[in-house]
Amino acid sequence: MEDKIAVIGGGPAGMIAAGTAGSRKKNVVLFEKNEKLGKKLYITGKGRCNITNLCDIEELLNNVVVNKKFLYSAFYTFTNNDIIDLLNKYGLETKVERGNRVFPKSNKSSDVIKALNKYLIDNNVTIRLNKKISDIKKTTSGMFNLQFEDGSQENFNKIIITTGGKSYEQTGSTGDGYNFAESLGHKIIKPKPALVPCEVEEAWVKELQGLSLKNVSISAYVKNKKIFEDFGEMLFTHFGISGPVVLSMSNYINKHINENIKIYIDLKPALSHEKLEKRILRDFEQFSRKQLKNSLNNLLPKALIPVIIRLSKIDEDKFINQITKEERNNLIEALKKLELTFSKFRPINEAIVTSGGIIIKEIDPSTMESKHVKGLFFAGEVIDVDALTGGFNLQIAYSTGYLAGINC
Ligand SMILES: Cc1cc2nc3c(=O)[nH]c(=O)nc-3n(C[C@H](O)[C@H](O)[C@H](O)COP(=O)(O)OP(=O)(O)OC[C@H]3O[C@@H](n4cnc5c(N)ncnc54)[C@H](O)[C@@H]3O)c2cc1C
């Protein structure tokens, strides 16, 4: 009898797994509980979808934060070029931007979903939308019995679980796959937020809500030991900080969240202390008869000026020609080492990805098949793997999806 394969979850991992299995002339059914495929994919890259990263494979692996060795085989078998070729074949034109990030030429994530839909149809995958799996049981004859929320059930010889993580639940990723895997005998590493905004203790951040800073350097310290430093874009919010560098930082500080984490923002990373002092002195010469609060416009965005002056402990009404060297040093300190105290991560639902998931020791890294249950496969974010921003998490979904699809 011909194998019947069920793929559970129509995100990028599920679509690639189903299309790949279909290309081998298998009888494949892709189940998705939403009314359409790829709801999370649709919101990726702020609606533009950072499809993958065109760096070399070793660098792809270096951008994986958790369990990179597990992904070696997957990344080398289905590469960044492979997904680009596949999408190009199904009508999507792509472009490469800063940092090797690949996007659709149209800047529309919906075009990526369209191309993947064509791939599924071309490979005769049956797509069943609005079909939520509520439970999976093993029958005495070794089949997988899928039970649906609507009360119906269906048996399959093999299944691929691609239900994603637990963040942005409104997209459908509600962590169902963890329950399925557990009930089939797999262990789970407790899901935690990754690539997630941070709350801080300092109340003044609220005054800066909405302010985005492009070229800043951020570092994080625990007990005076540096655990993270990077350069890029950040955003102040009503609760703390977010934006690309902050999301990356979250993956490095997550082991220390019960310790005292200090975060420092260097607002002028291109200038050393001495160069910044010279620059300030030049500005001060120009504005010598003005008050401090009216003299920093060349140096800082408007919203930051009162905050920086307060943190420098200088009277904002003071005239420039009365500012002491000590006060000037305080100002430089505030600009180069703006201090924040981490309090907690935002909830998992606001995380870009979920860290944790199905334990990798129980999955064969060259096939994505369970080491305990024959015919059971996993792919994508449901597995305990996660990476930095830059297209790496989607590459994990395609590469593991491909391995499951080619081996099921
Ligand atoms: C705001 C945001 C922006 C992002 N931007 C990027 C980016 O630009 N580049 C990048 O590389 N990564 C990005 N990511 C991460 C990336 O989207 C995920 O890592 C990726 O979507 C994971 O793919 P997946 O197929 O494993 O899971 P998902 O995309 O989460 O798909 C899982 C699917 O399974 C379905 N499902 C779940 N349970 C059931 C069930 N019981 N029955 C039936 N169906 C079910 C869900 O409805 C969902 O459609 C972003 C994430 C977010 C939240």
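The values are calculated or read from the model by the stated rules, or taken from the named source; none is laboratory data. The structure displayed is predicted, hence computed values, not measured ones. Ideal geometry is used to build each Cβ from the backbone, glycine not excepted, and the neighbour counts take in all protein chains shown. For the accessible areas, the whole protein counts, side chains as well, though only heavy atoms, and no ligand, DNA or RNA atoms are used. Shrake-Rupley method; radii C 1.70, N 1.55, O 1.52, S 1.80 Å.
Here is a check on your reading of the model: is residue 393 in a helix (DSSP H, G or I), among the polar types (S, T, N, Q) and either surrounded by fewer than 16 Cβ atoms within 10 Å (Cβ to Cβ) or within 12 Å of the ligand (Cβ to nearest atom) (or both)? Can you show your working first?
Working: in a helix (DSSP H, G or I): yes; among the polar types (S, T, N, Q): yes; either surrounded by fewer than 16 Cβ atoms within 10 Å (Cβ to Cβ) or within 12 Å of the ligand (Cβ to nearest atom) (or both): yes.
For residue 393, the condition - in a helix (DSSP H, G or I), among the polar types (S, T, N, Q) and either surrounded by fewer than 16 Cβ atoms within 10 Å (Cβ to Cβ) or within 12 Å of the ligand (Cβ to nearest atom) (or both) - is met.
So, residue 20, is that one away from the ligand (no atom under 13 Å from the Cβ) and either among the aromatic types (Phe, Trp, Tyr) or open to solvent by 20 Å² or more (accessible area, probe 1.4 Å) (or both) or not?
Details: away from the ligand (no atom under 13 Å from the Cβ): yes; either among the aromatic types (Phe, Trp, Tyr) or open to solvent by 20 Å² or more (accessible area, probe 1.4 Å) (or both): no.
So residue 20 does not fit the description; no.
Of the residues 339, 327, 316, only one is acidic (Asp, Glu) and in a helix (DSSP H, G or I); which? Break it down stepwise before answering.
Numbers: 339 fails: in a helix (DSSP H, G or I); 316 fails: in a helix (DSSP H, G or I).
One residue alone meets the criteria, 327.
Just wondering, is there one or more residues in the range 136-159 that are under 30 Å from residue 92 (Cα atoms) and surrounded by 14 or more Cβ atoms within 10 Å (Cβ to Cβ)?
In the first step, residues of the range 136-159 are kept if they are under 30 Å from residue 92 (Cα atoms); the result is 159.
Pick out the ones that are also surrounded by 14 or more Cβ atoms within 10 Å (Cβ to Cβ) and you get 159.
Yes, because at least one residue in the range 136-159 is under 30 Å from residue 92 (Cα atoms) and surrounded by 14 or more Cβ atoms within 10 Å (Cβ to Cβ).
Checking the conditions here, which among 179, 251 is within 30 Å of residue 404 (Cα to Cα), outside the structural domain of residue 35 (by TED's automatic domain parsing) and within 16 Å of the ligand (Cβ to nearest atom)?
Values: 179 fails: outside the structural domain of residue 35 (by TED's automatic domain parsing).
One residue alone meets the criteria, 251.
Scan (1) within 13 Å of the ligand (Cβ to nearest atom); (2) open to solvent by 10 Å² or more (accessible area, probe 1.4 Å); (3) at positive phi for the single condition residue 49 breaks and write down its number.
Here residue 49 clears every test but (2).
Please determine, by comparing only the residues of the range 345-370 that are outside any loop (DSSP other than H, G, I, E, B) and open to solvent by 50 Å² or more (accessible area, probe 1.4 Å), which one is nearest to residue 169 (Cα to Cα).
From the range 345-370, those outside any loop (DSSP other than H, G, I, E, B) are 345, 348-350, 353-358, 360-363, 369-370; that's our starting set.
The next check asks that each one be open to solvent by 50 Å² or more (accessible area, probe 1.4 Å); those that pass are 349-350, 361.
Values: 349: 6, 350: 9, 361: 27 Å.
Top of the filtered list is 349.
Scan the range 27-39 and give yes if some residue there is away from the ligand (no atom under 11 Å from the Cβ) and either assigned to a helix (DSSP H, G or I) or not polar (S, T, N, Q) (or both), otherwise no.
Keep residues of the range 27-39 that are away from the ligand (no atom under 11 Å from the Cβ), which gives 27-29.
Still in the list and also either assigned to a helix (DSSP H, G or I) or not polar (S, T, N, Q) (or both): 28-29.
Within the range 27-39, one or more residues are away from the ligand (no atom under 11 Å from the Cβ) and either assigned to a helix (DSSP H, G or I) or not polar (S, T, N, Q) (or both).
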